[in-house]
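Undergrad: Let me give you the structure first, and then I'll get to my questions.
Every number here is computed from the coordinates shown, using simple stated rules; none is lab data. Note that the structure is predicted; figures quoted are calculated from it, not measured. Note that we place each Cβ from the backbone using ideal geometry, even for glycine, and neighbour counts take in every protein chain shown.
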Amino acid sequence: FLQTRKTLAHVLAVTSHDLRAPLATAQSALDTVIGGFVGEIGGKQKELLTGTRQRITDLLKMIDNILDISYIEIRGADFEKTALYEVVVNSIGDVEGVARQKGIVVKNRVSRELPPVPGVPKRLQRVLTNLLSNAVKFTPNGGAVTIDSKETVDSIQIDVADTGIGIPTEELSKIFDDFY
């Protein structure tokens, strides 16, 4: 079993590298065009190319997610004191470009005074960024996404709410199913 895991991790690492290289090249070419280094482009063209660049960034993040899955062994030693407020700020930074393009306001109502929690900051940020990305994706232009915190004696809850269409009641029981 251990050998199978190592083989899978190796295959995913190689695949990740092979997928990243052409995407990074395309992203670099887009940066050159968007930056006006090969001539002027109009507003609509720039908007379309900027959106395409963001999709490539999203694909690169998906590749990172797939690679992370191959190394899912989290041990107690991996946990560190984590400032949730910083994780929230970093996650908002990950989605603010797309939110700005859609005219969506991302409101951070998380308390700066939250105590540190044991966690793996990179993984917590990835989860929160995914939640915020979905909120932005399904919120109409000009809407709002709000992230809030609630602290009790033994827990801290982070909530992400948006002014989007919501999830149909009959689908709520399926939202944590694989690939749903």
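Undergrad: What aspartates and glutamates sit close enough to Lys44 to cross-link, taking a C-alpha to C-alpha distance under 18 Å and skipping anything fewer than 8 places away on the same chain?
TA: Asp31
Undergrad: With r as the distance between the Cβ atoms of Arg123 and Ile41 and R0 = 41 Å, compute the FRET efficiency 1/(1 + (r/R0)^6) and round to 0.05.
TA: Here the calculated transfer efficiency is 0.60.
Undergrad: Taking the Cα-to-Cβ direction at Val89 and at Lys102 and moving 7 Å from each Cα, how far apart do the two end points lie in nm?
TA: A separation of 2.5 nm, rounded to one decimal place.
Undergrad: Let me ask you something else. Under a crude label model (7 Å from the Cα following the beta-carbon direction), how far is Lys150 from Phe138 in nanometres?
TA: Between Lys150 and Phe138, the label points sit 1.9 nm apart.
Undergrad: Students often check this: by mean Cβ neighbours within 10 Å, which of 32-39, 117-124, 89-96 ranks highest, and how do the rest follow?
TA: So the peptides 32-39, 117-124, 89-96, ranked by packing, come out 89-96, 117-124, 32-39.
Undergrad: Please report, to one decimal in angstroms, the Kirkwood hydrodynamic radius of the chain built from all distinct Cα-Cα pairs.
TA: 18.9 Å
Undergrad: Excluding Thr146 itself, calculate the net charge of residues whose Cβ lies under 11 Å from the Cβ of Thr146, where each Lys or Arg counts +1 and each Asp or Glu counts -1.
TA: Residues near Thr146 contribute -1 overall.
Undergrad: Still on this structure, please answer the following. Note down the nm distance, to one decimal, between modelled labels 7 Å out along Cα→Cβ at Glu80 and at Arg55.
TA: 3.6 nm
Undergrad: Using a Gaussian network model of the chain with C-alpha springs under 10 Å, which one of Thr152, Thr163, Thr82 is most mobile by mean-square fluctuation?
TA: Most flexible of the set in this elastic network: Thr152.
Undergrad: Another question about this same structure. What fraction of the DSSP beta bridges in region 74-170 is antiparallel, stated in percent and rounded to the nearest 5?
TA: Around 65 percent of the beta bridges assigned by DSSP in region 74-170 are antiparallel ones.
Undergrad: Continuing with the same structure: Under 19 Å from the Cα of Lys122, which lysines turn up, not counting those fewer than eight places away in the same chain?
TA: Straight-line reach from Lys122, under 19 Å: Lys61, Lys81.
Undergrad: Helix-only mean residue ellipticity at 222 nm, the chain, DSSP H runs n ≥ 4 weighted -39,500 (n - 2.57), per residue, nearest 500. What is it?
TA: -18500 deg cm²/dmol
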